[in-house]
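The values are calculated or read from the model by the stated rules, or taken from the named source; none is laboratory data. Quantities reported herein were computed from a predicted structural model and do not represent experimental measurements. Cβ placement follows ideal geometry from the backbone for every residue including glycine, while neighbour counts extend to all protein chains displayed. Note: areas computed on protein heavy atoms with side chains; ligands, DNA, RNA excluded. Shrake-Rupley method; radii C 1.70, N 1.55, O 1.52, S 1.80 Å.
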There are 2 protein chains.
Amino acid sequence: VSQGAAARPGAITFPLGFRAAAVAAGIKPRGPDLALLVADRPCPAAAVFTTNRAQAAPVVVSREHLQGGYARAVVVNAGCANAATGPRGLADARETARLVAEAVGCRPWEVVVASTGVIGVPLPMEKIRAGIAAAAARLSREGGADAAQAILTTDTRPKEVAAEFAAGDRSARIGGMAKGAGMIAPNMATLLAFFTTDATVGPHGLRRALQGAVGDSLNRITVDGDTSTNDMAVILASGAGGGSTIGDAATDDAAFEGALTDTARALAGMIVRDGEGATRVAEVRVEGARTESDADRIARTIAESPLVKTALHGGDPNWGRILAALGRSGVELDVHRVDIFLGDVWVAESGAARDYEEPAAAAALREDPIRIRVRLGEGRARGWIWTCDLSHGYVDINAHYRS
Amino acid sequence: VSQGAAARPGAITFPLGFRAAAVAAGIKPRGPDLALLVADRPCPAAAVFTTNRAQAAPVVVSREHLQGGYARAVVVNAGCANAATGPRGLADARETARLVAEAVGCRPWEVVVASTGVIGVPLPMEKIRAGIAAAAARLSREGGADAAQAILTTDTRPKEVAAEFAAGDRSARIGGMAKGAGMIAPNMATLLAFFTTDATVGPHGLRRALQGAVGDSLNRITVDGDTSTNDMAVILASGAGGGSTIGDAATDDAAFEGALTDTARALAGMIVRDGEGATRVAEVRVEGARTESDADRIARTIAESPLVKTALHGGDPNWGRILAALGRSGVELDVHRVDIFLGDVWVAESGAARDYEEPAAAAALREDPIRIRVRLGEGRARGWIWTCDLSHGYVDINAHYRS
């Protein structure tokens, strides 16, 4: 997927200055469901949150806590989203932060809280309390892989990526773990991503780099278009690697954001590949738009079209559905300038069918990822998004009655 | 579904002054695929067309032809959408109109052309030519049901509705037929609807009534959100019923638009019930919005959410997905004011779970239609939409490789 970033078990504790642990707190029927990530010292931190107006309690509380730009710990539970839980939910999220603060020896506002799971059900606070105590007792540099496992819901595998980059005369590390658009028991698709680095970065630089990295990775994947109430991406920078401060020199800055983007993009690729019921992955590229926003909007409309997604599933080079999707995207454009490519096969020119080889187009649908490219002829802006197909598996996972 | 309008085989020729016929022209592998509807005289006509920027050739040509507000005939083919076919497609659509004009004795610009089927493939003009000649030879007052059959694609049954209303001292008739969000061979979901009336109505009044009726019926259904390149709703008014002219008295006006809306709404109900793979139908009502546009947008976001649609399929009263969908709709609102009802069960209040009976909520999901009601507390505007569930059947129908 990208240079410099690679899958690595335990990635989140690959950077120096972090410990992690996970336990089975009993929030889910079985398996680990509570993860704790702790920095050796309070450190610069930044986050981006869901744009959904229905924001879960942990999102509200974590946003408050990160106002100052510093954090010491992150606690994540699966099995319960603590969303649509009213004042009690907010109190529970704050209590969770307080419990972590007590257990690891920091202030409550230095704790980031993240949850994923069923909506509308309160957090089982006794289990959370016992889980936090147990996890705090197990924190170690080797706990990263356990943590990556504990944050999953219907994901079929953990998602862990690490990268290294030059920070002045030293090498600095980045680690990331994520959970994807999976459902629990089953419920809301949620994307949670956590990053650590041992580079020395201030809160402002950290926020800017995270926003840049997420905008070019995790914000460019879609499984079903259903933005969650709980989405969150967080980064903590320990500075324990001893390199020069990022942002002191322009090159460091770019190297850091580049490595972070690579890490986030690798995680994004893992998420979409592990999308609910996914059997195929596609990259939709839009070129020649008037604005990047236009390009992104068209790419997203194509990538989320149920007709396009079922065609991907069936391996059907049905570019008419791509044309129809871009035509209804709401973007001003002249379809008589639109060219469409499937892989390297140019299937439509100036909005109309070309005389292409059907077997070649069908072969393009067997590539991995499938590459859809649209040229609008309106301007010079570009956009892209990764998506997966729509299969029986998606219906199965999401139609089941909650247990 | 509504008062005054009822399913009726042959509905499109129920109003006086119209004849219809259908033939198997060989555009589809089998079955009738070309329908002709002819008024005894040129008569006022109006239409609404797809908002997709990728407009099929028949949409472009029919819009041109209806500029003057009069028409004599409608020709519809299934099996080929004549979309994304470039200049040749436009020439073919114009040639189709010319062939009908010759066959029935009118001007080419008095012919409305509609197509549905595969995108990016040219119309087989020899088959169209022979089909039009054969259909023209069979036109009759009894041909309505055949026509309703010939316009279908993956629809499992024809959709025909008729109504009567008082036009002054006489009774006037309305007939409608439609094809739904079905795919052919398989390709673009397309909605085509045709209406006739023997009331006396001018082109302007006809257009206004059609826009009103469609806005409150066919524009309020969604199967997968994929607006087609070929959507079209057309009405012809023969005046053959002999009633007073609609619009002369305010009451007549309202009676006509009311009956037309009832007819269109009954067809809309049939379409969504026959949606691809549909096993359940739901009505989403949004109240307390600031504007109707806000209410409609939220209703549509809920109705098109794959997570909501799979929950409907599974009979899961998973209102958290409804809350999450409205939170991402893009409408400014305070989720802490949102109430959600499933049937008569009040499941969420002020954005948080209520202490409701789970079996009662589950029972609400077994109603037909399932009723989802959302109260925003932002204003007094309302909106609604009908949708269906997302099932294996949808995936099966749309994932197949084109034959």
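Side notes on the structure shown:
- Residues within the range B:323-342 that are open to solvent by 20 Å² or more (accessible area, probe 1.4 Å), more than 8 Å from chain A (Cβ to nearest Cβ) and under 28 Å from the mean Cα position of the chain (by Cα), tallied: 1
- Of the listed requirements (1) in a strand (DSSP E or B); (2) among the small types (Gly, Ala, Ser); (3) within 23 Å of B:Pro203 (Cα to Cα), B:Ser62 misses just one: (1).
- Condition met for B:Arg94 (basic (Lys, Arg) and in contact with an Asp or Glu (Cβ under 6 Å, 6 or more places away or on another chain)): no
- For the range B:292-305, the criterion of a residue being buried (at least 24 other Cβ atoms within 10 Å of the Cβ) and within 7 Å of chain A (Cβ to nearest Cβ) is satisfied by at least one position.
- Any hit, the range A:243-254, residues being of a type in the set (Ser, Thr, Tyr) and touching a strand residue (DSSP E or B) at 6+ places or on another chain (Cβ under 8 Å): yes
- Per the listing B:Val118, B:Val75, B:Val60, the residue uniquely more than 14 Å from chain A (Cβ to nearest Cβ) and on the phi < 0 side of the Ramachandran plot is B:Val75.
- Yes/no for B:Glu257 being among the charged types (D, E, K, R), open to solvent by 20 Å² or more (accessible area, probe 1.4 Å) and free of Cβ contacts under 8 Å to residues at least 60 places away in the same chain: yes
- Search result, residues across the range B:41-54 that are farther than 25 Å from B:Asp198 by Cα and crowded, with 24+ Cβ neighbours inside 10 Å: B:Asn52, B:Ala54
- Considering the range B:121-131, and only residues there that are surrounded by fewer than 24 Cβ atoms within 10 Å (Cβ to Cβ) and of a type in the set (A, V, I, L, M, F, W, C), the residue that is nearest to the other protein chains (Cβ to nearest Cβ) turns out to be B:Val121.
- Candidates are the residues of the range A:67-78 that are among the small types (Gly, Ala, Ser) and surrounded by fewer than 21 Cβ atoms within 10 Å (Cβ to Cβ); the one that is farthest from the chain's Cα centre (by Cα) is A:Gly68.
- None of A:Ala47, A:Ala54, A:Ala83 is away from chain B (no Cβ under 14 Å), touching a residue at least 60 places away in the same chain (Cβ under 8 Å) and outside any helix (DSSP H, G or I) except A:Ala47.
- Candidates in the range B:103-120 are the residues that are of a type in the set (Val, Ile, Thr) and touching a strand residue (DSSP E or B) at 6+ places or on another chain (Cβ under 6 Å); of these, the one that is surrounded by the fewest Cβ atoms within 10 Å (Cβ to Cβ) is B:Val104.
- Test: residue in the range A:343-351 that is part of a helix (DSSP H, G or I) and surrounded by fewer than 24 Cβ atoms within 10 Å (Cβ to Cβ): no
- One residue alone among B:Glu64, B:Glu95 is touching a residue at least 40 places away in the same chain (Cβ under 8 Å) and open to solvent by 10 Å² or more (accessible area, probe 1.4 Å), and that residue is B:Glu64.
- The residues in the range A:65-80 that are part of a loop (DSSP other than H, G, I, E, B) and among the aliphatic types (A, V, I, L, M) can be counted, and the count is 1.
- Any pair with Cβ under 9 angstrom, 6 or more apart, that starts in the range B:369-396 at a residue that is farther than 13 Å from B:Ala289 by Cβ and ends at one that is among the polar types (S, T, N, Q) and buried (at least 24 other Cβ atoms within 10 Å of the Cβ): B:Asp389/B:Thr310; B:Leu390/A:Asn398; B:Leu390/B:Thr310; B:Ser391/B:Thr310; B:Tyr394/A:Thr310; B:Val395/A:Thr310; B:Asp396/A:Thr310
- The set of residues in the range B:263-291 being assigned to a helix (DSSP H, G or I), small (Gly, Ala, Ser) and surrounded by 24 or more Cβ atoms within 10 Å (Cβ to Cβ) consists of B:Ala264, B:Ala266, B:Ala268.
- Qualifying residue in the range B:70-86 (condition: closer than 26 Å to B:Asp198 by Cβ, of a type in the set (Phe, Trp, Tyr) and at pLDDT below 95): no
- The one condition in (1) more than 7 Å from every other protein chain (Cβ to nearest Cβ); (2) assigned to a helix (DSSP H, G or I); (3) not basic (Lys, Arg) that A:His313 fails to fulfil: (1)
- Taking the criterion of being crowded, with 24+ Cβ neighbours inside 10 Å and over 15 Å from B:Met270 (Cβ atoms), the residues of the range B:133-172 that qualify are B:Ala135, B:Gly143, B:Gly144, B:Ala147, B:Ala150, B:Phe165, B:Ala167, B:Ala172.
- Count - residues of the range B:196-229 that are touching a helix residue (DSSP H, G or I) at 6+ places or on another chain (Cβ under 6 Å) and within 14 Å of another protein chain (Cβ to nearest Cβ): 5
- Check on B:Gly4, surrounded by fewer than 22 Cβ atoms within 10 Å (Cβ to Cβ), out of contact with any Lys or Arg (no Cβ under 7 Å at 6 or more places or on another chain) and modelled with pLDDT under 95: yes
- Across the range B:345-361, the number of residues qualifying as more than 7 Å from every other protein chain (Cβ to nearest Cβ) and touching a residue at least 24 places away in the same chain (Cβ under 8 Å) comes to 4.
- Between A:Arg375, A:Arg371, A:Arg380, the distinction of being more than 16 Å from A:Asp316 (Cβ to Cβ), in contact with a helix residue (DSSP H, G or I) (Cβ under 9 Å, 6 or more places away or on another chain) and away from chain B (no Cβ under 12 Å) belongs to A:Arg375 only.
- When B:Ala57, B:Ala81 are screened for being touching a helix residue (DSSP H, G or I) at 6+ places or on another chain (Cβ under 7 Å), of a type outside the set (Ser, Thr, Tyr) and buried (at least 21 other Cβ atoms within 10 Å of the Cβ), only B:Ala57 passes.
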